[in-house]
1. Order these by the 10 Å Cβ neighbour count, fewest first: GLU45, GLU54, GLU37.
2. If we count other beta carbons within 10 Å of each Cβ, what is the order of PHE63, PHE72, PHE99, fewest first?
3. Just to be sure I understand the model, the point goes 7 Å from the Cα along the line to the Cβ. What's the resulting ASN108 to ASN24 distance in nm?
4. Work out how much length ASP98 to LYS34 would gain on full extension: take 0.36 nm times their residue separation and subtract the Cα-Cα distance, in nm to one decimal.
5. Find how much the distance from LYS8 to LEU62 grows on full extension, using 0.36 nm per residue of separation minus their present alpha carbon separation; answer in nm with one decimal.
6. Could you list ARG70, ARG59, ARG42 so that the one with the fewest beta carbons within 10 Å of its beta carbon is first and the one with the most is last?
7. List, in the order given, every pair from LYS34/LYS77; LYS25/LYS104; LYS8/LYS87 whose Cα-Cα distance in the structure shown is over 18 Å.
8. Taking θ = phi - 60°, what integer Hz values does the Karplus form 6.51 cos²θ - 1.76 cosθ + 1.60 yield along the range 49-64, in sequence order, with x for Gly and Pro?
Amino acid sequence: MAISMNTKVLFTTKANSLSGMIGNKNGDVLVGDKAFEFYNSRNPEDYIQIPWDEIVRVRAQLFFKDKYIRGFFIDTKSTGSYNFVVKNAGKTLKTMRDFLGNEKIVRNKPVLSLKRVFEWFGRKK
């Protein structure tokens, strides 16, 4: 049975964990006093627990001129990066900010954007 690292959960919401080639997992995100946790709704034994001191940065995925937050990436010190698409991403990030601080929550820089593509084609003339 999965045991939570948190003693108090401050916020919970529905989310998907995008884990590469395996596919996405539907479940719940819990933001608590000790860690960020994700529990798969189909299999509670399939979970992700990330203590606050393990998180290097959280990169928010912003769309539509920074008016919509789709989800975020969590970069950790030892286990790499995790991608989450969260129903209430804005409120989740605000709750996480209390434990991480403003400097660790940043905007994700997209590798390719339509604006850059049009700028690139405009220079080729």
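Every number here is computed from the coordinates shown, using simple stated rules; none is lab data. As the structure is a computational prediction, the values presented were derived from the model and not from experiment. Quick reminder, even Gly has a Cβ in these numbers, built from the backbone with ideal geometry, and neighbours come from all protein chains shown.
1. Listed from fewest to most nearby Cβ atoms, that is GLU45, GLU54, GLU37.
2. Working: PHE63 10, PHE72 24, PHE99 18.
Taking fewest neighbouring Cβ atoms as first place, the list is PHE63, PHE99, PHE72.
3. That separation, rounded to one decimal, is 1.1 nm.
4. This chain segment gains 21.9 nm when fully extended.
5. Gain in length upon complete extension: 16.5 nm.
6. Going from sparsest to densest Cβ surroundings: ARG42, ARG70, ARG59.
7. Among LYS34/LYS77; LYS25/LYS104; LYS8/LYS87, the Cα-Cα distance tops 18 Å for LYS25/LYS104; LYS8/LYS87.
8. 10, 10, x, 4, 6, 8, 7, 7, 7, 10, 9, 7, 9, 9, 9, 6
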